[in-house]
1. If amide H atoms are built 1.01 Å from N in the plane of the peptide, which residues on other chains or at least 5 residues away come under 5 Å of the amide H of Asp431?
2. Defining a contact as two alpha carbons under 8 Å apart and six or more residues distant in sequence, what relative contact order in percent does the chain show?
3. What residues have an amide H closer than 5 Å to that of Asn457, excluding those fewer than 5 places away on the same chain, when H is modeled at 1.01 Å from N in the peptide plane?
4. Where nothing but the Cβ of Lys and Arg (+1) and of Asp and Glu (-1) is charged, how large is the charge dipole of the stretch 156-306 around its Cα centre, in debye to the nearest 20?
5. Could you check how much of the accessible area of the stretch 187-326 is carbon and sulfur, as a whole percent, using a 1.4 Å probe?
6. Before rounding to the nearest 500, sum -39500 (n - 2.57) across all DSSP H runs of length at least 4 in the chain and divide by the residue total; then give [θ] at 222 nm in deg cm²/dmol.
7. Let's test the formula: R0 of 35 Å, r as the Cβ-Cβ distance of Val141 and Glu348. What FRET efficiency results, to the nearest 0.05?
8. What label, among (1) 30.2, 101; (2) 23.5, 75; (3) 23.1, 69, belongs to Rg and Dmax of the Cα atoms in Å computed from the structure on display?
Amino acid sequence: MKLTRQVLMATTALGLMAGAASAETLRWARSGDALTLDPHAQNEGPTHTMNHQIYEPLLLRDTEGELEGALATDWQVSEEDPNVWIFTLREGVTFHGGETFDAEDVIFSIERAQSPDSDMKELLTSITEVRAGEGNTVEFVTDGPNPILPANLTNLFIMDKGWAEENGAVEVQDVEGGEQTFAASNTNGTGPYQLVSREADVRTVLEQFPDYWGMDEFPMAIDRIEFTPIQNEATRVAALLSGEVDFAQDLPVQDLERVAGSEGLQVITAPQNRTIFFGLNVGADDLENDDVEGENPLANRQVRQAMNMAINRDAIQQVVMRGQSEPTGIIIPPFVNGWTEELDTPPEGDMEAAMQLMEEAGYPDGFSIQLDCPNDRYINDEAICQAVVGMLSQAGITVNLDSKPKAQHFPLIANSTTDFFLLGWGVPTFDSEYVFNFLVHTKGDELGSWNATGYSNPELDAQITALSSMTDLEERDAAIAEIWEEVQSETLYLPVHNQVLNWGLTDGIQTEVQPEDQPKVKYFETSSS
C-alpha cells in the first residue's frame with residue numbers, strides 16, 4: 001500500500017495489530033539526484049545517500065552521528081603493531097546477486113577507492129596496504145599510527161570483486177570527464193535495498209533485499225522506495241502537501257510553517273554537518289572571467305578580505321534563510337574537531353572598511369567577475385548567490401551570476417575551471433583533517449581534489465599530511481589550530497553559514513534527522529510497523 005495520509009488513517013481505523021506485516025512504499029523527493037551509482041566516483045552527499053540504501057561501508061554513522069558497525073563488527077589497533085588496524089568482518093552477509101561477502105571484496109573496494117579517478121582517495125592516503133588477516137579479519141596497514149582511520153570509512157562502500165570484474169566495473173567512473181560505465185547505473189551491494197530501475201534525474205526504484213543480514217536488527221518498515229528528484233521548490237512542496245510524496249528533503253524555508261501546519265504532516269529539524277561558503281581562485285596569474293587584464297584581483301589578500309567584509313551574513317540569515325541558518329566565520333560546523341568560537345566569529349559587515357581595502361589593493365573602481373552557483377544542491381543556493389551579488393556590488397565588484405544544476409556545477413570545481421564559486425562541505429569524519437585534505441592541500445594525485453582555489457603552500461601541506469599519524473591528541477589539536485590560523489589569515493574561502501536541516505514527512509513515518517542529511521531508510525518506522 002502507499003504510505004499516504006489517507007491510507008495511514010484507514011489502517012489505523014482498521015485497527016491493524018502493532019507489528020503486523022504490511023507492504024510499505026516510501027515516496028521520497030529531494031531537489032537533486034545522485035550523480036552516479038558508482039560508489040567511489042563522487043564524494044557528494046545525495047550520491048552517498050542513495051548508495052547508503054544499496055551498498056554498505058565497514059562502519060557507518062547512526063542517526064545520532066555515532067560510529068557503529070556495518071560490514072565490520074569490531075575494529076581495533078593491533079597490539080603488535082600500532083600501524084595496523086584490524087577489522088573483524090560480519091559473517092553471513094551476501095550481496096544482492098547472491099555472492100558471499102569476504103575479505104577479498106574489502107581489499108578490492110579499498111584499492112579501487114584509492115585509484116586516481118576515485119573521489120574518495122583523500123580519505124585513504126595513509127593506507128599502504130590492505131590485507132586479509134587471521135580468521136575473518138582484514139588488516140589496514142598505515143604509514144604511521146592513524147588514530148582516526150575508522151572515521152574515514154563511513155562512506156567507503158564495499159563492492160563485490162567478482163561482479164565488478166565480470167561487468168567491466170573494476171575502474172572507477174570518470175564523472176568529470178563525462179564517462180558512462182556499467183557501475184554508474186547498475187549495482188550489487190549488501191545493503192538493505194536493491195536496485196529495481198533507474199532513470200537518472202527522473203526516478204529510481206529500490207526494493208527491500210530479502211536476504212539482508214540486518215533484517216531483524218533494524219525496523220525495515222519500508223519495503224519499496226520510489227525516489228524522485230524535484231528541483232523546483234514549489235513543485236516539491238506541493239507534492240508533499242498533496243500526498244504525492246511521503247518524505248521530502250530540502251524543504252524551502254518559506255514553506256516550513258505551511259507544511260508543519262498541514263494536517264497529517266510534520267517537519268523535523270536539526271543542525272546540519274555542512275557549511276556553505278564561496279571559493280576564490282587565488283592561484284592563477286590571470287582570471288578567465290573578469291575584466292582585469294594581465295592580473296588576478298583575487299590573488300590580492302586585501303581584495304579577498306574586502307569581499308569577506310562585504311557579505312552581510314545576518315541579512316542572509318534573516319531574509320534569504322528566514323532564520324534557518326547559523327552565520328559562521330569558518331568552513332567547519334561546531335560538530336568538527338578543530339572548531340572554536342573564536343574561529344567561528346564572522347567579520348563585521350563593514351562596507352566602508354571593505355571599500356577602503358579595495359582602494360588600498362589598487363582597485364578603487366572595482367572589477368567584474370563571474371560567480372558560478374548551483375541551483376539544486378543546497379538550501380536556497382541560488383538565492384544566496386543573488387544576495388551576495390548585490391552585497392559585493394556595494395564594494396565596487398560587479399558579479400555576473402551563472403547558475404546551473406549541480407551535475408554541471410561540480411565539474412567546474414573538480415576541474416578547476418571556475419574563478420569564484422559556491423560550495424557546501426560536510427565533514428563525515430567530524431575532524432578538520434578531512435577539510436584540509438580536500439580543500440586546502442595543494443591539488444595533486446592524492447590530495448586536494450576539491451581545492452579549486454589554486455592555493456599551494458608546501459609547508460602547510462607537510463603539516464596537513466603529518467596529522468594522519470599524530471597519536472598525541474593534544475599535539476594534534478594544536479597542529480590543527482595552527483593550520484586553521486594560516487588558512488583563516490589567507491581568506492581562501494568566504495564562509496556564509498551552517499545549514500539547518502528540515503525534513504518534511506507524513507505523520508505515519510517516524511525517524512530522526514541525521515546530521516549529515518543522509519537518511520538511511522532501514523531506520524525508518526511507520527505507524528503500521
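1. For Asp431, whose amide H was placed from the backbone, the distant partners under 5 Å are Asn337.
2. Details: 1147 pairs, mean separation 113.7, N = 529.
Result for the chain is 21 percent.
3. Thr442
4. Working: 9 positive and 29 negative charges, 118 e Å.
Once rounded to the nearest 20, the dipole reads 560 debye.
5. Values: 2320 of 5850 Å².
Here carbon and sulfur together make up 40 percent of the probe-accessible area.
6. Numbers: 15 runs with 133 residues, N = 529.
It comes out at -7000 deg cm²/dmol, rounded to the nearest 500.
7. It comes to 0.10.
8. Checked against the structure: label (2).
The values are calculated or read from the model by the stated rules, or taken from the named source; none is laboratory data. Note that this is a predicted model, so its numbers are computed, not measured. Here the Cβ is made from the backbone with ideal geometry for all residues, glycine too, and neighbour counts use every protein chain on show. We work out accessible area using only protein heavy atoms, side chains counted, and drop any ligands, DNA or RNA first. Shrake-Rupley method; radii C 1.70, N 1.55, O 1.52, S 1.80 Å.
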